[in-house]
Amino acid sequence: MDGILAPGAFSLTLSPAPGGSGGGSYILPLDMAAAISRMPENFLWYPAEAGSPPAGLASLTLTAEDGSAALQCWEGSSLVRCTRSGVTQWFYAPPVTADAVFNGTVFAALRQIYDEVEWEALREGIIIPDRGQSHLEIAQAWADADTQPALEVTDGSIFACTYVRTVADVDSWADMPETSYPEQSEGHERFWFSYRRIFVPENEAARSWQMAGNTVEYDGRYGEAPEGAYENFQVGVLYLTDEGWRCDGTGTGP
């Protein structure tokens, strides 16, 4: 693992199982190295006989920036293939304890990191062009852009949903004091907004991950939604820049 991290930046590549969708490769920032460097202590690393990669499974490959080292693992398998300076070694890496983190496989540990990086990449740099729209229209457009990637992420992602819809609101925040606005919005046209996100998680891991503190079962008050839908609530500030309207993040309250 040290050999993979040592050169500096590294990439994480997801290859879906046959018939699966999504996947791709992302360069990971160094600040994520800490999470990965702690991962080996959660597993037991036993040498394994060289063999063929498991067939029909999604895989993740962590690769050093200069290509000198790589680690490959497979969904649902404890086999791990490590390559450094052209030499390949196989390991059997079960969890240290039965209730170890990451659901017991190296793949699951890296998959969470991949999901987070993919999610941020799909939502990066959202700008709503200024065309003289109402504040409500701007808020609705931003909320949609921020949440629709849940339909685009790789199958099995902790952010994956089969249904997402938002209902924006600005009237409830019309009387917010000037002192409530974030510093970076100073000197810009700006306004508070909120939105309800109505969603159906794709899988159990996604349901668990997306159960924020204010998430509840959807009661239908904002129109029909598929069975099993949930809703939660987010608040933020939109402000006008030369490029358009932007928001630097939302939360569960001002």
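Coordinate-derived values only; no laboratory data. All of these numbers come straight from a predicted model, not from anything done at the bench. Every residue, glycine among them, receives a Cβ derived from its backbone with ideal geometry; neighbour counts consider all protein chains shown.
Per residue Cα convex hull volume for segment 118-254, in cubic angstrom?
115 Å³
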message = On a full-extension model of 0.36 nm per residue, what is the gain between residue 148 and residue 17, subtracting their alpha-carbon distance, rounded to one decimal in nm?
response = 44.8 nm
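On full extension of the chain, what length is gained from residue 155 through residue 68, given 0.36 nm per residue of separation minus the C-alpha to C-alpha distance? List each step's numbers first, then the result.
Values: separation 87, 0.36 × 87 = 31.32 nm, distance 2.96 nm.
Net length gain for the segment: 28.4 nm.
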note = In order over segment 211-226: 3J(HN,Hα) from phi, Karplus 6.51/-1.76/1.60, θ = phi - 60°, whole Hz, x for each Gly or Pro, gives 7, 5, x, 10, 7, 9, 5, 6, 9, x, 5, 10, x, 5, 8, x
ask   = Using a simple spin-label model with points 7 Å from Cα along the Cα→Cβ vector, what separation in nm is obtained for residue 123 and residue 89?
value = 3.9 nm
message = Per 0.36 nm of contour for each residue apart, how much would the distance between residue 208 and residue 222 grow if the chain were fully extended, relative to their Cα-Cα spacing?
response = 2.7 nm
ask   = Per 10 Å bin, what percent of the C-alpha pairs of segment 48-167 does each bin hold, from zero upward?
value = 12, 30, 27, 16, 11, 4, 0
task = Please turn the phi angles of segment 235-250 into ³J(HN,Hα) values with the Karplus equation 6.51 cos²θ - 1.76 cosθ + 1.60 (θ = phi - 60°), one per residue in order, whole Hz, x for glycine and proline.
result = 10, x, 10, 9, 9, 8, 10, 4, 7, x, 7, 9, 9, 8, x, 10
message = Can you compute the helix-only [θ] at 222 nm over the chain? Use -39500 (n - 2.57) per DSSP H run of at least 4 residues, normalise by all residues, nearest 500 deg cm²/dmol.
response = -5000 deg cm²/dmol
ask   = Based on Cβ point charges of +1 for Lys and Arg and -1 for Asp and Glu, what charge dipole magnitude is obtained for the chain about its Cα centre, in debye rounded to the nearest 20?
value = 840 debye
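Which value results when the Cα radius of gyration for the chain is divided by 2.2 N^0.38 Å? Display every interim value, and only then the final one.
Details: Rg = 21.6 Å, N = 254, 2.2 N^0.38 = 18.0 Å.
Compared with the compact-globule rule of thumb, the chain sits at 1.19.
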query = Can you list residues whose amide H is under 5 Å from residue 10's amide H, if they're 5+ apart or on another chain and H is modeled 1.01 Å from N?
reply = 28
Under the Karplus curve 6.51 cos²θ - 1.76 cosθ + 1.60, θ = phi - 60°, whole-Hz ³J(HN,Hα) for segment 153-162, x wherever Gly or Pro sits = 5, 5, 3, x, 5, 5, 9, 6, 9, 9
message = Check which residues have an amide H placed less than 5 Å from residue 245's amide H, if you skip close sequence neighbours.
response = 128, 130
query = Which net charge results when you count Lys and Arg as +1 and Asp and Glu as -1 among the other residues whose beta-carbon is under 10 Å from that of residue 150?
reply = -1
message = Quick query: amide H of residue 162 versus all other amide H atoms, modeled in the peptide plane; which residues come in under 5 Å with a sequence gap of 5 or more or a different chain?
response = 200, 202
